[in-house]
Every structure is written in structure tokens, then in C-alpha cells.
Amino acid sequence: MAQFLTTEPRLNADVAVAGYSYEGRLSAPTLTFGKLADLVGLKGEAELTRLALAVQDGDAGGPVMDSGGAVVGMLLPRLGASGQQLPGDVNFATDATALASFLSENGINVTATDANASMHPVDMSAMAADMAVLVSCWN
């Protein structure tokens with residue numbers, strides 16, 4: 001079960017994104033590890049966090065977890081419509097507060113934690129399998 005971090009995450013903290021990087025070719029989500037680069041978006045958006053990690057398109061929508069497995073956000077898709085090309089390791093996530101608020105407003109109860117534990121990547125992978133799902137779209 002996903003637990004949402006209730007405290008502000010630490011800048012430059014280790015994070016992992018769980019997603020289907022290879023669009024279902026693997027039986028479980030892939031974890032991509034990186035850092036929490038900033039607690040706001042590039043234009044100061046309070047509901048965003050900036051991540052320093054390289055992800056694949058299939059990772060979008062996946063949970064962003066701290067080193068203890070607590071959800072600190074949800075990975076947003078890369079947007080290229082602005083004409084700007086950001087470095088490959090610059091990605092953004094909706095923060096846990098905004099995500100938990102949205103879920104609560106739509107009748108979904110969230111479990112909160114303020115723990116700053118550390119979890120082995122194997123255990124984090126098992127937890128991610130219960131939080132991330134493969135979504136495929138066909139034209």
C-alpha cells in the first residue's frame with residue numbers, strides 16, 4: 001500500500017521512480033534512481049518538484065518514492081511543445097501534497113507517513129509492483 005510522505009522531502013535526497021520503462025516487455029515495473037533536485041518547478045510552481053534522473057516515456061504517471069519507499073510525488077510526462085529542450089535528466093513530478101489532495105477530493109483515502117527510513121532496492125521493487133500499473137494506449 002502506498003504511503004504518502006507528510007513532511008517536506010529533503011533537497012538532493014535519493015529518489016526512485018517506478019514505471020514501465022519498456023512498455024510491458026518486463027513483468028514488473030523498473031526502478032530508476034536519481035535525486036530530488038528542487039522542491040519547486042522552474043518557474044516556482046509550488047506543486048511541482050524537479051528531479052535529476054533520466055526516465056523513459058513509459059515511466060510517466062509512476063510513483064516517485066524516497067529511499068524509504070514513501071511516495072513523494074507522481075512523475076509527469078516530458079512536454080516538448082514549448083520549443084525548449086531541457087537536459088535529459090531534468091524531469092518533474094507533482095508533489096505528494098498536491099497528489100494526496102487530489103485523491104482525497106475524489107474519494108480516495110491516502111495513508112500518510114512521516115518516516116524517513118531507508119529501504120533495500122529489492123524491497124522497494126516489490127513495493128513498487130503494488131503501486132505502478134502498465135497502461136497501454138492504441139490508436
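Here are some conditions: (1) more than 24 Å from L11 (Cβ to Cβ); (2) aliphatic (A, V, I, L, M); (3) exposed (fewer than 11 other Cβ atoms within 10 Å of the Cβ); (4) modelled with pLDDT under 90. L79 meets all but one. Which one does it not meet?
Every listed condition holds for L79 apart from (1).
Conditions (1) part of a loop (DSSP other than H, G, I, E, B); (2) in contact (Cβ under 8 Å) with a residue 24 or more places away in the chain; (3) of a type in the set (S, T, N, Q); (4) open to solvent by 20 Å² or more (accessible area, probe 1.4 Å), marked per residue:
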{"site": "T7", "(1), (2), (3), (4)": "yes, yes, yes, yes"}
{"site": "R10", "(1), (2), (3), (4)": "yes, yes, no, yes"}
{"site": "A18", "(1), (2), (3), (4)": "no, yes, no, no"}
{"site": "R25", "(1), (2), (3), (4)": "yes, no, no, yes"}
{"site": "T32", "(1), (2), (3), (4)": "no, yes, yes, yes"}
{"site": "K35", "(1), (2), (3), (4)": "no, no, no, yes"}
{"site": "G44", "(1), (2), (3), (4)": "yes, no, no, yes"}
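What single numbered condition from (1) open to solvent by less than 90 Å² (accessible area, probe 1.4 Å); (2) touching a residue at least 24 places away in the same chain (Cβ under 8 Å); (3) of a type in the set (A, V, I, L, M, F, W, C) fails to hold for L103?
Going through (1) open to solvent by less than 90 Å² (accessible area, probe 1.4 Å); (2) touching a residue at least 24 places away in the same chain (Cβ under 8 Å); (3) of a type in the set (A, V, I, L, M, F, W, C) one by one, L103 breaks only (2).
The values are calculated or read from the model by the stated rules, or taken from the named source; none is laboratory data. Predicted model, so just to flag it, every value in this text is computed and none were measured. Cβ sites come from the backbone with ideal geometry, for glycine too, and all protein chains shown count toward neighbours. These accessible areas exclude ligands, DNA and RNA; they are computed on the full protein's heavy atoms, side chains included. Shrake-Rupley method; radii C 1.70, N 1.55, O 1.52, S 1.80 Å.
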